[in-house]
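J.: Here's a structure for you.
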Amino acid sequence: MSSNVGGIDRILRIVAGVALIALTLTGTIGAWGWIGVVPLLTGLFKFCPFYPILGMNTCPMKK
């Protein structure tokens, strides 16, 4: 499992995940906000399981 999420993509995933979870915990949005766990984990682990299927990679190439 190699990294395929990099830079801005990673930051946006973590921020979106934390925001959705926080909104759920405060009762602002319903239980569907727990879906924020997915972008949070993909951002933290730097791996998105759908990127290989789609042929995408936002992680900069290693030299």
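The values are calculated or read from the model by the stated rules, or taken from the named source; none is laboratory data. What you see is a predicted model, and the numbers here were worked out from it, not measured in a lab. Don't worry about glycine lacking a Cβ; one is built from the backbone with ideal geometry, like all the others, and counts go over all protein chains shown.
J.: Could you go through region 24-38 and let me know if any residue there is in contact (Cβ under 8 Å) with a residue 24 or more places away in the chain, crowded, with 17+ Cβ neighbours inside 10 Å and not basic (Lys, Arg).
T.: For region 24-38, residues in contact (Cβ under 8 Å) with a residue 24 or more places away in the chain, crowded, with 17+ Cβ neighbours inside 10 Å and not basic (Lys, Arg): absent.
J.: Give just the number: which of (1) in a helix (DSSP H, G or I); (2) surrounded by 15 or more Cβ atoms within 10 Å (Cβ to Cβ); (3) out of contact with any Leu (no Cβ under 7 Å at 6 or more places or on another chain) does LEU12 not satisfy?
T.: Here LEU12 meets the rest and fails (2).
J.: For region 17-47, name all the residues that are in a helix (DSSP H, G or I) and either hydroxyl-bearing (Ser, Thr, Tyr) or farther than 22 Å from SER3 by Cα (or both).
T.: ALA19, LEU20, ILE21, ALA22, LEU23, THR24, LEU25, ALA31, TRP32, GLY33, TRP34, THR42, listed by residue number.
J.: Under 7 Å by Cβ, and 6 or more places apart or on different chains, what pairs join a residue from region 48-61 that is assigned to a loop (DSSP other than H, G, I, E, B) with one that is hydrophobic (A, V, I, L, M, F, W, C)?
T.: Sorted first by the residue in region 48-61, then by its partner, the pairs are CYS48/VAL5; THR58/VAL5; CYS59/VAL5.
J.: Same structure again: Since LEU44 meets every condition but one in (1) modelled with pLDDT of 95 or more; (2) exposed (fewer than 10 other Cβ atoms within 10 Å of the Cβ), which condition does it not meet?
T.: (2)
J.: For region 19-38, which positions are touching a helix residue (DSSP H, G or I) at 6+ places or on another chain (Cβ under 6 Å) and aliphatic (A, V, I, L, M)?
T.: LEU20, ILE21, LEU23, ILE29
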